[in-house]
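First up is the structure itself, then whatever we jot down about it.
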Amino acid sequence: MNLNQVLIKPVITEKATIISEQNKYVFEVAQKANKDLVFKAIKSIYNVEPVKVNIVNVRGKERRLRLGTGYTAAWKKAIVTLKDGDKIELFETK
């Protein structure tokens, strides 16, 4: 798997913003990604040294449709912990 295909997008939520103060960043990753691939992708794309990578499989939620129920898509997220002093710029402020 190509390292550019491992990280899909950063997850920007209230909870992810709060834990970013602890040097932890949340990314949506490919379904076939593992901790080693995420570690290498973060190191090559953002040029920072991850200390720890945690992977979570997020199940799809049940949603009501017109005549029944369905599910949203399941996805995988990675919580990446960086060394003190390293940081990833997800937003550019002017």
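The values are calculated or read from the model by the stated rules, or taken from the named source; none is laboratory data. The shown structure was predicted, so the numbers you read here are calculated from the model rather than taken from an experiment. Positions of Cβ are generated from backbone atoms using ideal geometry, with glycine treated the same way; all protein chains shown enter the neighbour counts. Calculation scope for accessible area: heavy atoms of the full protein, side chains included, ligands and nucleic acids excluded. Shrake-Rupley method; radii C 1.70, N 1.55, O 1.52, S 1.80 Å.
Would you kindly state how much longer the chain becomes between D84 and V56 on full extension, computed as 0.36 nm times their sequence separation minus their alpha carbon distance, in nm to one decimal?
Stretched out fully, the D84 to V56 stretch lengthens by 7.7 nm.
Given the -39500 (n - 2.57) contribution per DSSP H run of 4+ residues, what per-residue ellipticity at 222 nm results for the chain, rounded to the nearest 500 deg cm²/dmol?
Only helices count here, giving -5500 deg cm²/dmol.
Any idea what the dipole of the range 1-90 comes to, in debye rounded to 20, about its Cα centre with Lys/Arg Cβ at +1 and Asp/Glu Cβ at -1?
Dipole size: approximately 520 debye.
Within a Cβ distance under 11 Å of T69, other residues only, what is the Lys/Arg minus Asp/Glu net charge?
+3
Which trypsin sites (Lys or Arg not before Pro) does the range 31-80 hold that lie in a coil by DSSP with at most 13 other beta carbons within 10 Å?
K32, R59, K61, R66
Within the accessible area of the chain, what % is carbon and sulfur when the probe is 1.4 Å and the other protein chains stay in place?
Carbon and sulfur: 49 percent of the exposed surface of the chain.
Report the full-extension gain for the segment K15 to T72: residue separation times 0.36 nm, less the Cα-Cα distance, to one decimal in nm.
Here the answer is 18.5 nm.
Please give the per residue accessible area of the chain, computed with a probe of 1.4 Å over protein heavy atoms only, in Å².
76 Å²
Measure nothing but the geometry: give the 0 to 90° angle between the long axis through the Cα atoms of 35-46 and the longest principal axis through the Cα atoms of the chain, rounded to 10°.
60 degrees
Ignoring everything but the protein chains, give the 1.4 Å probe accessible area of T13 in square angstrom, nearest 10.
70 Å²
Going from most exposed to least, what order do I79, I88, I45, I8 have by accessible area with a 1.4 Å probe?
I8, I45, I79, I88
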